[in-house]
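The structure under discussion appears below in the form of structure tokens.
The values are calculated or read from the model by the stated rules, or taken from the named source; none is laboratory data. All of these numbers come straight from a predicted model, not from anything done at the bench. Neighbour counts are summed over all protein chains in view; Cβ atoms, including those assigned to glycine, are modelled from backbone coordinates with ideal geometry. Just the protein is used for accessible areas: all its heavy atoms, side chains included, with ligands, DNA and RNA removed. Shrake-Rupley method; radii C 1.70, N 1.55, O 1.52, S 1.80 Å.
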Amino acid sequence: MANQLNQLVQLLAKEDIQVSLVQTNAPYGYKIIENIKGARALWRLIPYLAKVWKLAGKVDVIHVLANSGWSWQLFAAPVLWTGWFRGTPVIINYRGGEAEDYFKKSIKWVRPSIKKATAVAVPSGYLKKIFSDFGIDSQIIPNIINLERFIPKDKIGLIDPLQPHLIITRNLEAIYGISTAIKAVALLRPIVPGIKLSIAGSGPQKEKLQYLVTKEKLENNIIFTGRLTPEEMAKLYQNANIMLNPTTVDNMPNSILEALASGVAVVTTDVGGIPYIVKNNNTALFAEANNPELMAKQINRLLNEPELYQELVNNGLQDVQQYAWTEIRALWLGLYEASRNKMVKK
């Protein structure tokens with residue numbers, strides 16, 4: 001979400017559109033606050049809502065990037081009511097991969113607020129279907145991929161089957177299933193001793209995942225790079241052959257788009273919105289969540305079927321063009337203008 005936010009702010013600025021950014025995770029200001037759980041949320045929430053209130057009525061449109069759970073109740077719902085009260089159109093840009101489960105439990109709390117939205121935008125057909133199932137209209141505006149930063153390496157479609165370089169570019173959290181990928185590498189190591197896996201990200205699962213690497217005796221095969229800058233991430237993709245996405249929950253992962261744009265083959269689980277952005281045996285290879293054996297099998301296919309590998313890379317490079325700013329620009333600008341006009345008519 002942060003990645004998409006930063007890109008959109010920069011791209012809109014280039015269109016000479018003035019953007020006022022209000023963060024939900026602004027710095028605390030005082031070190032002591034960081035260690036008090038209840039105080040942390042309150043310390044950020046009050047200034048956040050105060051800034052939104054101040055801007056409402058002055059700006060043309062409020063664009064809210066929203067998620068499930070408490071994030072919705074604390075940071076999205078109050079903005080919708082603020083915009084409605086002050087006569088400012090609010091676009092909800094909902095991005096939570098866990099939307100279906102959340103709506104099943106909490107739609108009675110979500111619905112009154114979301115009715116105040118001037119428009120609802122979602123990044124995938126997957127989320128559009130979920131919203132439709134709950135009687136909520138939405139418009140698909142896909143994620144944006146920076147095709148100037150993420151570009152293919154010189155020799156695309158080539159892979160050394162004896163020393164393949166695999167990468168994971170997700171936060172180290174349980175929902176992303178990174179242990180499944182580590183176990184898949186453990187299964188492959190006896191037949192591909194030179195296999196390498198770089199795990200780029202940070203998060204609460206780091207120690208647990210490092211312990212698993214040690215347990216499987218993969219210290220020479222797997223490295224944790226930590227969190228990378230966008231430029232460092234682009235270089236990592238260029239040095240990789242296969243991107244693994246072993247997630248158990250997902251909507252429209254930017255990591256898949258970045259891999260496609262970089263000429264890197266993708267092996268991914270088929271959960272959530274993933275089948276809406278890549279096709280099995282065409283732009284990616286699918287594996288079931290929590291199934292290291294099947295993930296290892298799909299990786300092995302790419303190592304032993306160079307024509308399949310090249311086909312996935314070529315198809316991915318072509319398919320990812322639809323997510324460039326030149327394609328997405330008119331969708332956002334059109335929705336901003338339509339939302340503003342809708343509120344004026346009211």
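Over the chain, what is the relative contact order in percent, taking alpha-carbon pairs closer than 8 angstrom and at least six residues apart? Mind showing how you got there, number by number?
On the way: 563 pairs, mean separation 57.6, N = 346.
Value for the chain: 17 percent.
Determine one quarter of the surface area of the Cα convex hull of segment 262-324, which equals its mean projected area, and express it in nm² to one decimal. Mind showing how you got there, number by number?
Values: hull surface 16.9 nm².
If I average the Cα hull's projected area over directions, I get 4.2 nm².
Picking from Asn146, Leu197, Leu172, whose Cα lies most toward the positive end of the charge dipole for segment 134-205 (charges on Cβ: Lys, Arg +1; Asp, Glu -1)?
Comparing the listed Cα positions along the dipole, Leu197 ranks first.
Taking the Cβ-Cβ separation of Leu5 and Lys217 as r and a Förster radius of 41 Å, what is the calculated FRET efficiency to the nearest 0.05?
Numbers: r = 41 Å, r/R0 = 0.99.
With a Förster radius of 41 Å, E is 0.50.
Could you pull out the pairs from Lys153/Lys297; Lys108/Lys206; Lys196/Lys279; Lys14/Lys342; Lys208/Lys297 whose alpha carbons sit more than 28 Å apart here?
Check vs 28 Å cut-off fails for Lys108/Lys206.
Please enumerate, by chain and number, the aspartates and glutamates with C-alpha under 18 Å from the C-alpha of Lys235, excluding those fewer than 8 residues away in the same chain.
Straight-distance partners of Lys235: Glu148, Asp154, Glu258.
Modelling each spin label as a point 7 Å along the Cα-to-Cβ direction, I'd like the Trp70/Gln238 distance in nm, to one decimal.
4.2 nm
What net charge is computed for the residues neighbouring Ala284, neighbours being all others with C-beta under 15 Å from the C-beta of Ala284, Lys and Arg scored +1, Asp and Glu -1? Spell out each step's value before the answer.
Values: positive: Lys279, Lys297, Arg301; negative: Asp250, Glu258, Asp270, Glu288, Glu305, Glu311, Asp319.
Neighbourhood net charge equals -4.
When the chain is fully extended, how far beyond the present Cα-Cα distance does Ala330 get from Thr225, taking 0.36 nm per residue of separation?
That works out to 34.1 nm of additional length.
Write down the Å³ per residue value for the convex hull defined by the alpha carbon atoms of segment 57-183.
Details: hull volume 20.9 nm³, N = 127.
Once divided by residue count, the hull of segment 57-183 is 165 Å³.
Measuring with a 1.4 Å probe in the full set of protein chains, what accessible area per residue, in whole Å², belongs to the chain? Display every interim value, and only then the final one.
On the way: 17500 Å² over 346 residues.
Per-residue value: 51 Å².
Rank-order 259-269, 6-16, 187-197, 240-250 by packing density, defined as the average count of other C-beta atoms within 10 Å over each peptide's residues, highest first.
On the way: 259-269: 27.2, 6-16: 13.4, 187-197: 16.9, 240-250: 23.8.
Peptide ranking by packing, descending: 259-269, 240-250, 187-197, 6-16.
Dividing the Cα radius of gyration by the Kirkwood radius, what Rg/Rh value follows for the chain?
Numbers: Rg = 21.4 Å, Rh = 21.6 Å.
On the Cα set of the chain, Rg over Rh gives 0.99.
Of Ile130, Ala181, Trp70, which is farthest along the charge dipole of the chain in the positive direction, counting Lys and Arg as +1 and Asp and Glu as -1 at C-beta?
Final value for the positive-end residue is Trp70.
How large is the charge dipole for segment 267-346, taken about the Cα centre, if only the Cβ atoms of Lys, Arg (+1) and Asp, Glu (-1) carry charge, to the nearest 20 debye? Before the final figure, lay out each step's value.
On the way: 8 positive and 9 negative charges, 161 e Å.
That gives segment 267-346 a dipole magnitude of about 780 debye.
In whole angstrom, how long is each semi-axis of the equivalent ellipsoid of segment 229-278, when you take the square root of 5 times every eigenvalue of its Cα gyration tensor and sort them from largest down? Intermediate values should be presented prior to the final figure.
Values: eigenvalues 78, 23, 16 Å².
Semi-axes from the Cα gyration tensor: 20, 11, 9 Å.
For the chain, with only Lys/Arg (+1) and Asp/Glu (-1) charged at the beta-carbon, what is the dipole magnitude about the Cα centre, in debye rounded to 20?
On the way: 39 positive and 29 negative charges, 322 e Å.
Once rounded to the nearest 20, the dipole reads 1540 debye.
Be a star and scan segment 70-98 for residues whose amide nitrogen sits under 12 Å from the point 7 Å along the Cα-to-Cβ vector of Arg111.
The answer is none.
Leaving out ligands, DNA and RNA, what percent of the accessible area of the chain is carbon and sulfur, probe 1.4 Å?
Working: 9030 of 17500 Å².
The nonpolar share, carbon plus sulfur, comes to 52 percent.
Compare the Cα positions of Ala240, Gln321, Gln298 along the charge dipole of segment 208-346 (+1 at Cβ of Lys, Arg; -1 at Cβ of Asp, Glu; about the Cα centre) and return the one farthest towards the positive end.
Most positive-ward Cα: Gln321.
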